[in-house]
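The values are calculated or read from the model by the stated rules, or taken from the named source; none is laboratory data. Quantities reported herein were computed from a predicted structural model and do not represent experimental measurements. Don't worry about glycine lacking a Cβ; one is built from the backbone with ideal geometry, like all the others, and counts go over all protein chains shown. Surface accessibility is based on the protein's heavy atoms, side chains included, excluding ligands, DNA and RNA. Shrake-Rupley method; radii C 1.70, N 1.55, O 1.52, S 1.80 Å.
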Amino acid sequence: MPSVKFLFAWLTMPALALFAACAHGSSDETTSEAEQLSTLYQRTCGGRTAQACFEQAERLRVGEGVAKDEARAAALYELSCNGDERRACVALGVLKEEGRGVAKDEAEAARLYARGCEQDLPEGCGHLALLYGEGRGVAKDLAQAVRFYERGCAGDDGLSCNNLGVLKLMGGFGVTQDVAAGMGMLVQACNRNLGVACLTVAREFDQGVRTRKDARLASSYFRMACGMGEKEACTPASAAVAAKPEPTPVTTPEEGAKLDGVRAMCELGTGVGLGMACHMMGTAYEKGAGVAVNPGRATMFYQRACDHEVPEACGDVRRMLGLTADGAKTEGPKQPVLASLQLDPAKVAPQKPKQSVLESLQLDASKVAASAKPTADAKPAPRASVDRWKEECQEGKGEGDACARLGMVLLEGSAGFQVDAKKGMQLLEEACLKRTASACVELWGVLSSGNAALKIPPSPLEGLVFLETGCEARDGGDACNLLGVVLTNTTRPYSNLGKGIQAWRDGCFKQEDANSCVLFLSMTRKIAASGPEALRADAQRSIPGIQAQGCKARMRDACEALGQPVPKDDLRVRHLRTDCDAGDPDACADLTLQYQRASTGSRFARVERNLEEELRVAEKGCAGGSSDACLQLAERSSEKVAGVPRDLEAAFARSEQACAMKSGAACELLEKLLREYRHLGPDAPQVKEARARACLYRPESWHVIACRK
């Protein structure tokens, strides 16, 4: 009997139709050092990673930009599967199950699907359940099929949710009929862009046998199914499809930002606020408040709100699934998104602890030197960067960057704060999870070997998770490069050569990181020179492409090899420039540092030397409240640099300004300037004050040596 892919979107008679499958993939982990070394070349595909091999196989399978060749695709899937690309294993299983490009072998397909499922790839579970349900390649076992569908749907696999949803909706394979659960799973599959699931939901609402008959919801789901390519949905929904969809209300940028904030709170938040935010997103999708009407997405958001203890959302779920006796809610006139999605602070704000993390980070006044007390007519000190970070981190305005900078201050005990490892690590973790790559790298630095002084034990596997997060973040080139270095070190028990090479590839091609390009190119050249015969030619052919990307990332050797000029800057610098121009003073300070590095002639400088631009962005950063930018200006003014005349008055003014902003390095520079250019002795009040402030604001580890007296 041929395999039918979907438990059907039922037709005019209430009967079961069967199953659909998607091609994704899975593979076993290679754990031992010997196995990693022996499979290094299998983890590469023509000098590229297993992921690239999988992507090329996908193109060959469907004929995307190349001649369709399922046999070649199967060979590449197998290479990629052996090289730690899990999706390739399941994709190969699909070809073996159907006998496309390779000999038909359902037993081998079942084995490949099982590998994927065991490695927590839900698509593998869905395919394996299909085989168990039909007894192909494995002994028929309906109970086992249901268990694998449950596992796949728990992982949000559309195939599994569709098939399990139909079983629950209609009762089958020994599953007790549960219309509510079945409809919920079908809506979940529909939201995974599985058109046949949308079609089933549409027909349920159209016929009203198990659910409430609802023409509006039926039309909406027919329209969705038709748009996903289900031709059968287009005929009964012809009127709905031909009609103009409900327009999305015009919103201002502020309203759009608010809706995005509500969505983020639902997807990333915790506590009561998460549930209320999800309920509001459900309302938005049901009513078309700021987004196009989408009953399926509305139901999913309502369900998430119900799961997080918003009672009215549970009723909304049943209503959206047509399981309540009454009709749809009576809708008032359409409201602007800001009016219809108004958070009730009393419901959203969780109970605050008596003393929050940020409220407890106050400078100990007893530490301030007596000589530093202001006089009655003294001007107020410039605001310190760390005070701004506290506010931005607390209010969530810094998008993680402020929390990262504040967390580092607490770990080192600088800017007048005592070391607080617990709070510092907490803030860094929050920042890393908000995709601030610098925080992720800092966490790896602490967790990889631990820190006895901070009483933080080693936790390298946890650190690797943070590094992987950083590699995926904006400007995560340093994280990708470091991740590759760590994973390709075969002396470590958690090394993984395939993933390490992938990290370098991502760092080079996605992040434009020159260091990642250097290592990725080096590995490719080794394969071209001494790899398996079958891979050498492809590796050699891939070298110019990697060199071109390396040149784009300002890798001078690559540009020279291609006879191309070195670009003026790289992706990281362009991001900093955009952020600086938008008013972020810390980005201006970081950009100034990049220009200063360029002035040293470093081969891996991210930008070409430009003193005029360096001074411009430093001035902008200092005026915006960055102590680092003020310090950078003070240093430039005190030095003899070609193109920048020494200006001691400016150096004094900027160093005093940055010192007042709690920069220990600036206070140290001020002390040096006072002694060298104003010829004051070590016991002069101004010198003693600058030294005291330097000791107060420098990191705690620096105090032991320099501030003992």
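Do you know the relative contact order of the range 144-231, to the nearest whole percent, from alpha carbon pairs under 8 angstrom that are 6+ apart?
Details: 134 pairs, mean separation 18.2, N = 88.
Once normalised by length, the contact order is 21 percent.
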Gain in span if fully extended, Lys568 to Thr235, counting 0.36 nm per residue against the direct Cα distance: 114.2 nm
For the range 83-187: accessible area per residue (Å², 1.4 Å): 33 Å²
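Calculate, for the range 435-589, the solvent-accessible area per residue in square angstrom, rolling a 1.4 angstrom probe over the heavy atoms of the protein chains.
Values: 6670 Å² over 155 residues.
I get 43 Å² per residue for this part.
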Percent of Cα-Cα distances greater than 27 Å, calculated over the range 517-647: 36 percent
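For the range 393-493, what is the relative contact order in percent, using Cα pairs closer than 8 Å and at least 6 residues apart in sequence?
Numbers: 154 pairs, mean separation 20.1, N = 101.
Reported as a whole number, the value is 20 percent.
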Zero-based 10 Å bins, Cα pair distances in the range 45-113, whole percents: 26, 54, 19, 1
Förster radius 60 Å - calculated FRET efficiency between Arg216 and Ala103 (Cβ-Cβ, nearest 0.05): 0.75
Prolate/oblate/rounded call for the range 587-696, Cα gyration tensor, a/c under 1.5 rounded: prolate
Kirkwood Rh and Cα Rg combined as Rg/Rh, the range 501-562: 0.98
Long-range tail of P(r) for the range 72-176 (Cα pairs > 20 Å, %): 36 percent
Whole-Å semi-axes of the ellipsoid equivalent to the range 390-529 (Cα gyration tensor, √5λ, descending): 30, 17, 10
Alpha carbon convex hull of the range 453-530, volume per residue in cubic angstrom: 104 Å³
Projected area averaged over orientations for the range 134-201, convex hull of C-alpha atoms, nm²: 4.3 nm²
Carbon and sulfur %, accessible surface of the range 132-206 computed with the full protein complex present, 1.4 Å: 44 percent
Fully extended contour minus Cα-Cα distance, from Glu312 to Ser522, at 0.36 nm per residue: 69.7 nm
Label-reachable residues, the range 161-182, where backbone N falls under 16 Å from a point 7 Å from Met228's Cα toward its Cβ: 161-167, 182
Computed P(r) (all Cα pairs; the range 108-223; 5 Å bins; percent): 2, 14, 21, 22, 17, 12, 7, 4, 1, 0
Relative contact order %, the range 542-623, counting alpha carbon pairs below 8 Å whose residues are six or more apart: 26 percent
Amide hydrogen neighbours beyond the local backbone of Val607, cut-off 5 Å, H modeled: none
